[in-house]
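Report on the following structure.
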Amino acid sequence: MTSTTTKRMRRDQKLIKALGHDLRVEILALLNERVASPVELHRELQEELSQVSYHVKVLRECDCIELVDTRPVRGSVEHFYRASERASLSAEEFAALPDAVRQRISRSWITYAFAVVSGSHAEGTLEARSDRHLSANPLVVDEEGWGELVEAASDYLDRVLEIGNRSTERLSESEESGIPSMVTIMSFETPDRREMAGPRRRD
């Protein structure tokens, strides 16, 4: 086994451990968006500060987040973190996870993503821009088509991340505050809609 393979396995094990709890998935997703302290995360997530602090510690031990700043607050020191690892696994890494872990990660992602969508709708930012995009496109594909869908989603994600990185570089050299945004990509098998009649289809 090469040293590169060993390092990758250790990295994968750390990331799998990091994503093995719902709250850690949410924290890591938020720290991918911005720098925050456990106190700020506890307020936003409405979880006990002790629990948030514990999971932040685990994420740091897993090398998924890094300390970027400290600030004295009423005789104490507040620590601020940002993500050093995207809250994602490759298709191969995800496929290698136990079913229970995959289900937990999927549930956490769905909870987080739809909470952001719901909050954006409630605050009016969902409709703030007329060029925003919302779509759902049911398809019936063969195995080759499914593989092409998976590849297309991966290519689109790469492009989205490149756009985000370029924007970050430009914002660091300008006085713009930036536009908080979310791009959600979903590609999954659904129940056969032809067998879902009446109210079940609306559900």
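The values are calculated or read from the model by the stated rules, or taken from the named source; none is laboratory data. Because the structure is predicted, anything quoted here is derived from the model rather than measured. FYI the Cβ positions are ideal-geometry reconstructions off the backbone, even for glycines, and counts take in every protein chain you see.
Mind listing just one residue for me: the one in the range 23-57 that is free of Cβ contacts under 8 Å to residues at least 24 places away in the same chain and of a type in the set (A, V, I, L, M, F, W, C) and, of those, nearest to S181 (Cα to Cα)?
Out of the qualifying residues, it is L30.
Would you confirm, using the coordinates I've provided, whether D63 is among the acidic types (D, E) and surrounded by 13 or more Cβ atoms within 10 Å (Cβ to Cβ)?
Spelling it out, D63 is indeed among the acidic types (D, E) and surrounded by 13 or more Cβ atoms within 10 Å (Cβ to Cβ).
Keeping to the range 20-55, report how many residues are under 21 Å from R71 (Cβ atoms), of a type in the set (G, A, S) and not in a helix (DSSP H, G or I).
Residues in the range 20-55 being under 21 Å from R71 (Cβ atoms), of a type in the set (G, A, S) and not in a helix (DSSP H, G or I): 2 in total.
Could you give me the residue pairs with C-beta distances under 6 Å whose first residue belongs to the range 58-72 and is closer than 18 Å to L15 by Cα, whose second residue is part of a loop (DSSP other than H, G, I, E, B) and of a type outside the set (S, T, Y) wherever it lies, and which are 6+ apart or on separate chains?
Every condition considered, the pairs that remain are C64/E85.
Condition first: surrounded by 15 or more Cβ atoms within 10 Å (Cβ to Cβ) and at pLDDT 80 or above. Now tell me which residues in the range 67-106 satisfy that.
H79, F80, Y81, R82, A83, S84, R102
When the residues of the range 159-170 are filtered to those that are of a type outside the set (G, A, S) and modelled with pLDDT under 90, which remaining residue is nearest to the chain's Cα centre (by Cα)?
So the residue we want is L161.
Run E148 past the list (1) in the same structural domain as S90 (by TED's automatic domain parsing); (2) modelled with pLDDT of 95 or more and report the number of the one that doesn't hold.
(1)
Restricting attention to the range 118-150, which residues are part of a helix (DSSP H, G or I) and more than 13 Å from P180 (Cβ to Cβ)?
S118, H121, A122, E127, E143, E144, G145, W146, G147, E148, L149, V150
Can you tell me how many residues within the range 56-69 are under 16 Å from L19 (Cβ atoms) and assigned to a strand (DSSP E or B)?
Residues meeting the conditions: 1.
So in the range 7-60, with the set limited to residues that are within 17 Å of F94 (Cα to Cα) and basic (K, R), which one is nearest to the chain's Cα centre (by Cα)?
Restricting to residues being within 17 Å of F94 (Cα to Cα) and basic (K, R), the top hit is R24.
Select from the range 155-191 the residues that are surrounded by 12 or more Cβ atoms within 10 Å (Cβ to Cβ), among the hydroxyl-bearing types (S, T, Y), without any contact (Cβ under 8 Å) to a residue 24 or more places away in the chain and in a helix (DSSP H, G or I) and list them in ascending order.
S167
For the range 116-139, check the following and say yes or no: at least one residue is within 19 Å of the chain's Cα centre (by Cα), exposed (fewer than 11 other Cβ atoms within 10 Å of the Cβ) and hydrophobic (A, V, I, L, M, F, W, C).
Scanning the range 116-139 turns up at least one residue that is within 19 Å of the chain's Cα centre (by Cα), exposed (fewer than 11 other Cβ atoms within 10 Å of the Cβ) and hydrophobic (A, V, I, L, M, F, W, C).
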